[in-house]
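Written below as structure tokens is the structure these notes are about.
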Amino acid sequence: MKYINRILKINLLLIVAATLIIASCNKGLEQFTETPVVPPNGNALGETIAATSTDSLYYRLITKAGLVATINNKAATYTMFVPDNNAMKVFINAISAGKIPLQAPDAVFSGFISAYIPASTAVGIVSYNIASQSLLSVNIPGTFPNLQYPTILNPAPSVSALLRLTTFPSTRNGAWLNNVPLTAVDMAAVNGVIHHTALVVTPPQRFLWNRISTDTGLTYLKAAINRADSGTASPGTLQGALLNIGANLTVFAPTDAAFRATLTGAIYKALVAAGYPAGGDTFNTASALASSPTVFSNPALFGVLTAQTVKGIVVYHLFGNKAYTNNFPTTTTYYPTLLNGAIPTHPGVGLTAVFGVPFVSAATVKGVGNATAANIIINASPLLPDPVGTSDQNYLNGILHKIDQVLLPQ
């Protein structure tokens, strides 16, 4: 654990997080070379969508949101991500709990939008899929981490009038908005450009800590974060960062079973080193001590599971940016974690993704000290949402992936 013991100034990691908080949602818009799409007398975005028969249901949602005038303003420039009618039908079928069958006439879906989707929900979805600049597909980079692009959606105007939720368009391993494939790009309008998405991309509603603190399969991670924060004053806590609207983090979240296995082994080694006899009885003692998340609040173990040690392990599971699995490399590549704020030369963790059609079918993350890579528990079906999804879970301040091992920094 030599790397962990070298974290003499571990709170620097929270300063890094605080810097991200200041810079992420309010980050200045990355500038691209603007390319005139059509002559000035062409159709505006709303007019273009209204004239496209396969986008009629999304146009109904735009109307419900009261944003037609906004996107028809030819003095402004926008990029819009638009789900076509098929994508809208899948969305409405899901939110109606199947009461609107996929085979229903378009008029039924349109009527559902008008009658049952609240205007505030429509505003959130449409605004989250609009960015205040024209972004042609040729200008969407394939770098990792991928482009952070502010939308026009302000999730907390009482916090700041300048706050914006961001989306993450990418051309790495295909073409995506967040982790949703783009099906068509560069539909031109006089005041911007339209890209079509395979599914409706909805804005996040909760914070990372909301998921971690309520998920019955992440009780050890919650306890570890509380232990790591012991003795640290707010706002310099991990919990504070996981609750901050401005952060863009990725959490690789070990399951309870993963923590039990790792802690049992670590406690067993510590007991043997302290003079307990090697063998089944000592292993059973270690197993019992690790059988509950209260292991992190057990005073008898404070000498082993110090707040500093636990904090070092937790931050090794955090990135300072959002990392969707579809943006992972297809050959193992190492990237820094928040642990690098205290140990700049640390190699980080190795990421790998395997693609199906079109979604990621498998993904791994490897700690330097792990014999094998941890598996990201991929959603049972694509884009399974919070609070039951296990990979690419999108929150107001980051992404969460459940993994089946605790990552070890050395």
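Every residue in the stretch 360-384 that is among the hydroxyl-bearing types (S, T, Y) and exposed (fewer than 15 other Cβ atoms within 10 Å of the Cβ), please. Those that are among the hydroxyl-bearing types (S, T, Y) and exposed (fewer than 15 other Cβ atoms within 10 Å of the Cβ): S361, T372, S381. Right, A290: open to solvent by 40 Å² or more (accessible area, probe 1.4 Å) and farther than 22 Å from Q239 by Cα or not? No. Evaluating G246 against the criteria (1) crowded, with 18+ Cβ neighbours inside 10 Å; (2) more than 23 Å from the chain's Cα centre (by Cα) leaves one unmet condition, (2). Of the residues that make up the stretch 218-231, is at least one under 20 Å from T337 (Cα atoms), open to solvent by less than 50 Å² (accessible area, probe 1.4 Å) and part of a strand (DSSP E or B)? No - not one qualifying residue is present in the stretch 218-231.
Could you tell me whether any residue of the stretch 255-274 is at pLDDT below 95 and part of a loop (DSSP other than H, G, I, E, B)? Yes.
Taking the stretch 317-336 on its own, how many of its residues are small (G, A, S) and farther than 11 Å from V251 by Cβ?
1
Using the structure shown, decide if V38 is under 30 Å from Q239 (Cα atoms) and at pLDDT below 55. So V38 does not fit the description; no. Applying the set (1) touching a residue at least 40 places away in the same chain (Cβ under 8 Å); (2) within 30 Å of T167 (Cβ to Cβ); (3) more than 14 Å from the chain's Cα centre (by Cα) to N210 leaves exactly one unmet item: (3).
Taking the conditions exactly as written (of a type in the set (S, T, Y), open to solvent by less than 50 Å² (accessible area, probe 1.4 Å), within 29 Å of the chain's Cα centre (by Cα) and under 30 Å from A353 (Cα atoms)), does Y324 satisfy them or not?
Working: of a type in the set (S, T, Y): yes; open to solvent by less than 50 Å² (accessible area, probe 1.4 Å): yes; within 29 Å of the chain's Cα centre (by Cα): yes; under 30 Å from A353 (Cα atoms): yes.
Yes.
Residues being part of a loop (DSSP other than H, G, I, E, B) and under 19 Å from K64 (Cα atoms) are represented in the stretch 119-130 by at least one member. Contact map, the stretch 233-244: first residue touching a residue at least 12 places away in the same chain (Cβ under 8 Å), second residue in a loop (DSSP other than H, G, I, E, B) and open to solvent by less than 60 Å² (accessible area, probe 1.4 Å), Cβ cut-off under 6 Å, separation 6 or more or different chains; pairs are A241/A247; L243/F207; N244/N397.
Entry remark, the stretch 185-205: residues being touching a strand residue (DSSP E or B) at 6+ places or on another chain (Cβ under 8 Å) and hydroxyl-bearing (S, T, Y) number 1 in total.
If you go through the stretch 82-107 and keep only what is part of a helix (DSSP H, G or I) and either of a type in the set (A, V, I, L, M, F, W, C) or over 29 Å from the mean Cα position of the chain (by Cα) (or both), you end up with A87, M88, V90, F91, I92, A94, I95, D106, A107. May I ask you to list pairs of residues, at least six apart or on different chains, whose Cβ atoms are under 6 Å apart, with the first in the stretch 346-359 being more than 11 Å from Y334 (Cβ to Cβ) and open to solvent by less than 50 Å² (accessible area, probe 1.4 Å) and the second being part of a strand (DSSP E or B) and among the β-branched types (V, I, T)? So the pair list comes out as A353/V360.
Every residue in the stretch 282-308 that is in a helix (DSSP H, G or I) and among the hydroxyl-bearing types (S, T, Y), please. Even if it seems obvious, please write down each step before you answer.
From the stretch 282-308, those in a helix (DSSP H, G or I) are 282-289, 293-297, 299-301, 307-308; that's our starting set.
Those that are in a helix (DSSP H, G or I) and among the hydroxyl-bearing types (S, T, Y): T282, T285, S287, T294, S297.
Can you tell me which residues in the stretch 97-130 are of a type in the set (S, T, N, Q) and either under 30 Å from T77 (Cβ atoms) or open to solvent by less than 10 Å² (accessible area, probe 1.4 Å) (or both)? Walk me through how you get there before you give the answer.
First pass over the stretch 97-130, keeping only residues of a type in the set (S, T, N, Q): 103, 110, 114, 120-121, 127, 129.
S110, S114, S120, T121, S127, N129 - these are the residues of the stretch 97-130 that are of a type in the set (S, T, N, Q) and either under 30 Å from T77 (Cβ atoms) or open to solvent by less than 10 Å² (accessible area, probe 1.4 Å) (or both).
Whether any residue in the stretch 146-168 is in contact with a Gly (Cβ under 6 Å, 6 or more places away or on another chain) and either part of a loop (DSSP other than H, G, I, E, B) or closer than 23 Å to P329 by Cα (or both) is what I want to check. Before the answer, list the steps.
Pass one, the stretch 146-168, residues in contact with a Gly (Cβ under 6 Å, 6 or more places away or on another chain): none.
Within the stretch 146-168, none of the residues are in contact with a Gly (Cβ under 6 Å, 6 or more places away or on another chain) and either part of a loop (DSSP other than H, G, I, E, B) or closer than 23 Å to P329 by Cα (or both).
For the stretch 46-70, a residue qualifies if it is assigned to a helix (DSSP H, G or I), out of contact with any Lys or Arg (no Cβ under 9 Å at 6 or more places or on another chain) and aliphatic (A, V, I, L, M), and the qualifying residues are I49, A50, L61, I62, A65, V68, A69.
The values are calculated or read from the model by the stated rules, or taken from the named source; none is laboratory data. All values reported here derive from a predicted model rather than from experimental measurement. So basically every Cβ, Gly included, is an ideal-geometry build from the backbone, and we count neighbours across all protein chains shown. Please note that ligands, DNA and RNA were not included when accessible areas were found on the heavy atoms of the full protein model with its side chains. Shrake-Rupley method; radii C 1.70, N 1.55, O 1.52, S 1.80 Å.
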